[in-house]
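Q: Sharing a structure here in structure tokens format.
The values are calculated or read from the model by the stated rules, or taken from the named source; none is laboratory data. Worth saying up front: this structure is predicted, and the values here are computed from it rather than measured. Every residue, glycine as well, gets a Cβ built from its backbone with ideal geometry; the counts of neighbours run over all protein chains shown.
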Amino acid sequence: MLGTADSILREPQEIKRFMENRGISADDEVITYCGSVGTLSGLAYYALRMGGVKKIRLYSRSFKEWKKLGKPIEEFKDANFWDLSAE
């Protein structure tokens, strides 16, 4: 979803449109992470930065690794989660 057949990343205005369609504001706090390997989170980080998100952090490893290390997992009932693959 972040890229096209011709480019790794879409143009910033397209990224902004995707964000708006999902209710992501430039003032939201966002943490990017991958589910198992940890590579696509960097691309998502950069795309969201291009889209204007100011408070963004990157967890460079994966959520799978986080759980394996026994790190705390806290679920926020009022947090928003986005499936960026949805158009």
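Q: When segment 26-54 is examined, which residues are found to be without any contact (Cβ under 8 Å) to a residue 12 or more places away in the chain and polar (S, T, N, Q)?
A: Residue satisfying the conditions is Thr39 alone.
Q: Could you look through segment 15-40, keep only residues that are charged (D, E, K, R) and part of a loop (DSSP other than H, G, I, E, B), and pick out the one that is modelled with the lowest pLDDT?
A: Arg22
Q: For segment 1-14, which residues satisfy the criterion of being in a helix (DSSP H, G or I) and either acidic (Asp, Glu) or surrounded by 14 or more Cβ atoms within 10 Å (Cβ to Cβ) (or both)?
A: Glu14
Q: Something else: Does segment 41-70 hold any residues that are under 17 Å from Leu9 (Cβ atoms) and not in a loop (DSSP other than H, G, I, E, B), and which are they?
A: Residues satisfying the conditions are Ser41, Gly42, Leu43, Ala44, Tyr45, Tyr46, Ala47, Leu48, Arg49, Met50, Ile56, Leu58.
Q: A further question follows. Applying the selection to segment 1-22, what residues are under 25 Å from Glu75 (Cβ atoms) and within 13 Å of the chain's Cα centre (by Cα)?
A: Met1, Phe18, Met19, Arg22
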